[in-house]
Amino acid sequence: MTLPTSGGVLYVHSAPKALCPHLEWAAGSALGHPVNFDWEDQPVLPGTLRTQTPWSGLVGSGAALASALRGWEHLRFEVTEDASPGVDGSRWMHTPDLGVFFAQMDAAGNTVMTEDRLHYALEVAGGNALEMQREIRRALGGAWDEELEPFRHAGDATPVVWFHRVG
């Protein structure tokens, strides 16, 4: 029996230099094979490094990567796992101040807001349009996107693959 596989991208947006070998070890353990990342300076936060790398592995490896990295202090990262047959895509974002955010993604890379979450937002908003806007922003990870955005664009001169398609 062949186990289902997927792939995605790991973005380490900022990590202290001393932490980098430990992150490679943790990511390699999560994926089941050693990894070596190409690190570069993170200009948004001097003294830190950044990297991005595609990964492939068994379905669920994105969750394993996010879990392996989430406990490290002073670390900003994102993990995506592409949709595969019968399995939604996923996205994890982490910042030191906010912790971890998780969302499902569709095959095009859009964040999916579930029916239950939408019902909750409607209930909390109680007909208040501004509160509904806040709840939708919260459900889509707006605070994480806002904090990570400067780090994402810090290396605009480097080639970036934001999401890739699983065929």
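Here is a list of conditions, (1) loosely packed, with under 15 Cβ neighbours inside 10 Å; (2) under 20 Å from residue 18 (Cα atoms); (3) not polar (S, T, N, Q), and residue 107 meets all of them except one; can you say which number that is?
(2)
Which ranges mark the helices (runs of 4 or more DSSP H) fully within the range 84-167 that have 2 or more residues being within 30 Å of residue 42 (Cβ to Cβ) and at pLDDT 90 or above?
In the range 84-167, 129-139, 142-152 are the helices (runs of 4 or more DSSP H) which contain 2 or more residues that are within 30 Å of residue 42 (Cβ to Cβ) and at pLDDT 90 or above.
Could you tell me whether the range 73-83 includes any residue that is more than 19 Å from residue 100 (Cα to Cα), modelled with pLDDT under 95 and either surrounded by 14 or more Cβ atoms within 10 Å (Cβ to Cβ) or more than 15 Å from the chain's Cα centre (by Cα) (or both)?
Scanning the range 73-83, I find at least one residue that is more than 19 Å from residue 100 (Cα to Cα), modelled with pLDDT under 95 and either surrounded by 14 or more Cβ atoms within 10 Å (Cβ to Cβ) or more than 15 Å from the chain's Cα centre (by Cα) (or both), so the answer is yes.
Does residue 97 satisfy being exposed (fewer than 13 other Cβ atoms within 10 Å of the Cβ), under 20 Å from residue 153 (Cβ atoms) and either within 13 Å of the chain's Cα centre (by Cα) or charged (D, E, K, R) (or both)?
yes
Could you go through the range 22-45 and let me know if any residue there is in contact with a His (Cβ under 6 Å, 6 or more places away or on another chain) and within 26 Å of residue 97 (Cβ to Cβ).
Checked against the condition, which is being in contact with a His (Cβ under 6 Å, 6 or more places away or on another chain) and within 26 Å of residue 97 (Cβ to Cβ), the range 22-45 yields no hits at all.
Could you count how many residues in the range 1-26 are in a strand (DSSP E or B), in contact with a Gly (Cβ under 9 Å, 6 or more places away or on another chain) and of a type outside the set (Ser, Thr, Tyr)?
Number of matching residues: 4.
Pairs only if they're at least six apart or on different chains, beta carbon under 6 angstrom, first in the range 38-50 and over 15 Å from residue 77 (Cα atoms), second among the aliphatic types (A, V, I, L, M); list them, first residue then second.
43/154
Out of all the residues in the range 49-60, which are touching a Ser or Thr at 6+ places or on another chain (Cβ under 7 Å) and either closer than 19 Å to residue 18 by Cβ or crowded, with 23+ Cβ neighbours inside 10 Å (or both)?
Across the range 49-60, the qualifying residue is only 50.
For the range 22-41, check the following and say yes or no: at least one residue is crowded, with 18+ Cβ neighbours inside 10 Å, polar (S, T, N, Q) and more than 17 Å from residue 58 (Cβ to Cβ).
No, every residue in the range 22-41 fails to be crowded, with 18+ Cβ neighbours inside 10 Å, polar (S, T, N, Q) and more than 17 Å from residue 58 (Cβ to Cβ).
Within the bounds of the range 62-72, is there any residue that is closer than 18 Å to residue 93 by Cα, aromatic (Phe, Trp, Tyr) and in a strand (DSSP E or B)?
No, every residue in the range 62-72 fails to be closer than 18 Å to residue 93 by Cα, aromatic (Phe, Trp, Tyr) and in a strand (DSSP E or B).
The values are calculated or read from the model by the stated rules, or taken from the named source; none is laboratory data. Computed from a predicted structure; not experimentally measured. FYI the Cβ positions are ideal-geometry reconstructions off the backbone, even for glycines, and counts take in every protein chain you see.
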